[in-house]
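S.K.: Please find one structure pasted underneath; my questions will follow.
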Amino acid sequence: MQNPKNSITEILATLDSLSPFYLQESWDNCGLILGSKEGSFKQIYLALEVSANVLDQMEADSLLITHHPLIFSPLKQLISESYPASLLKLAIQKNIQLIAMHTNFDKTHFGKYITSEILGITEFSQEGFLVQFKWDSDFISLCDLIKEKLQIQTLKITKTQNPQCKNIALITGSGGSFVRELNQIDCLITGDIKYHEAMEGIQKNIHLIDCGHYELERYFGEILLMLLTNLGYKAIILDSKNPFSYV
């Protein structure tokens, strides 16, 4: 008899209870990406994304839960040598099923985990993607804290003429587009800030700290592992590699 905890239907219901899939953005693609709702699996693996390295490490007949969906939009072609078809082919060959928890997870877990468990900020609020907290020191000391806690050597920053750095906003992933929506915020911490978003931040007197997309979201596996362990599941974290290096 099949263990209910090894059922795709059961794990989807569990994940939905932790972070409802209906919270995903309209452009997103959360939930079951590859497999069958009637399917089962032998082992759960967790990773930031689907990659050849991650799939190579997995046992056959397993489930991979990632933060980033392998498929974001409808595919017009499936060419084995191209992305993401090459990864889909490898997953199918090993009978690996894929589930993604992306913008829904950002809204329910990611921001508050980075704020409290990584940065050590105990008092904050979260609404959707946006986490807000107060900072009692200056901009440079906030940068130093982020570098220390995220264990990164450099930050890309935009420092404005604003003498204040008290009201802080944090958005994991790519949050630069939120600059135009922010009011009464002195500093935004996020990743993947674009040039024109930086210019808008300067105009609005909002300091910007770009930590990097990977640097803010590499904790996906450890967050979800803790949640699943508390519910009696066993899972293995596979490290996703940062696609960028610095010279």
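The values are calculated or read from the model by the stated rules, or taken from the named source; none is laboratory data. What you are looking at is a predicted structure, and each value in this text was computed from that prediction instead of being measured. Glycine gets a Cβ as well: all are built from the backbone with ideal geometry, and neighbour counts include every protein chain shown. These accessible areas exclude ligands, DNA and RNA; they are computed on the full protein's heavy atoms, side chains included. Shrake-Rupley method; radii C 1.70, N 1.55, O 1.52, S 1.80 Å.
S.K.: In the stretch 21-28, is there at least one residue being open to solvent by 60 Å² or more (accessible area, probe 1.4 Å) and either among the acidic types (Asp, Glu) or out of contact with any helix residue (DSSP H, G or I) (no Cβ under 8 Å at 6 or more places or on another chain) (or both)? Give the derivation first.
M.R.: So in the stretch 21-28, the residues open to solvent by 60 Å² or more (accessible area, probe 1.4 Å) come out as 22, 26-27.
Then keep just the ones that are either among the acidic types (Asp, Glu) or out of contact with any helix residue (DSSP H, G or I) (no Cβ under 8 Å at 6 or more places or on another chain) (or both); that gives 26-27.
Yes, the conditions are met somewhere in the stretch 21-28.
S.K.: Just name the residue that is nearest to His67 (Cα to Cα) out of those in the stretch 235-247 that are open to solvent by less than 70 Å² (accessible area, probe 1.4 Å) and not in a strand (DSSP E or B).
M.R.: Here the residue is Ser240.
S.K.: Is the stretch 72-88 home to any residue that is open to solvent by 20 Å² or more (accessible area, probe 1.4 Å) and within 21 Å of Glu222 (Cβ to Cβ)?
M.R.: Checking the stretch 72-88: not a single residue is open to solvent by 20 Å² or more (accessible area, probe 1.4 Å) and within 21 Å of Glu222 (Cβ to Cβ).
S.K.: Give the stretch 151-198 a look and list any residue that's free of Cβ contacts under 8 Å to residues at least 40 places away in the same chain and among the hydroxyl-bearing types (Ser, Thr, Tyr), or say none.
M.R.: The answer is Ser174, Ser177, Thr190, Tyr195.
S.K.: Which residues, taken from the stretch 51-69, are open to solvent by 10 Å² or more (accessible area, probe 1.4 Å) and either under 25 Å from Trp27 (Cβ atoms) or charged (D, E, K, R) (or both)?
M.R.: Answer for the stretch 51-69, where residues must be open to solvent by 10 Å² or more (accessible area, probe 1.4 Å) and either under 25 Å from Trp27 (Cβ atoms) or charged (D, E, K, R) (or both): Ser51, Asp56, Glu59, Asp61, His68.
S.K.: If you take just the strands (runs of 3 or more DSSP E) that sit entirely in the stretch 118-234, which of them hold at least 3 residues that are open to solvent by 30 Å² or more (accessible area, probe 1.4 Å) and either more than 20 Å from Leu48 (Cα to Cα) or among the hydrophobic types (A, V, I, L, M, F, W, C) (or both)?
M.R.: It comes to 125-127, 130-134.
S.K.: Which of the residues spanning the stretch 89-100 are within 25 Å of Glu217 (Cα to Cα) and open to solvent by 20 Å² or more (accessible area, probe 1.4 Å)? Give the steps one after another, and end with the answer.
M.R.: Within the stretch 89-100, the subset within 25 Å of Glu217 (Cα to Cα) is 90-91, 96-100.
Result: Leu90, single match.
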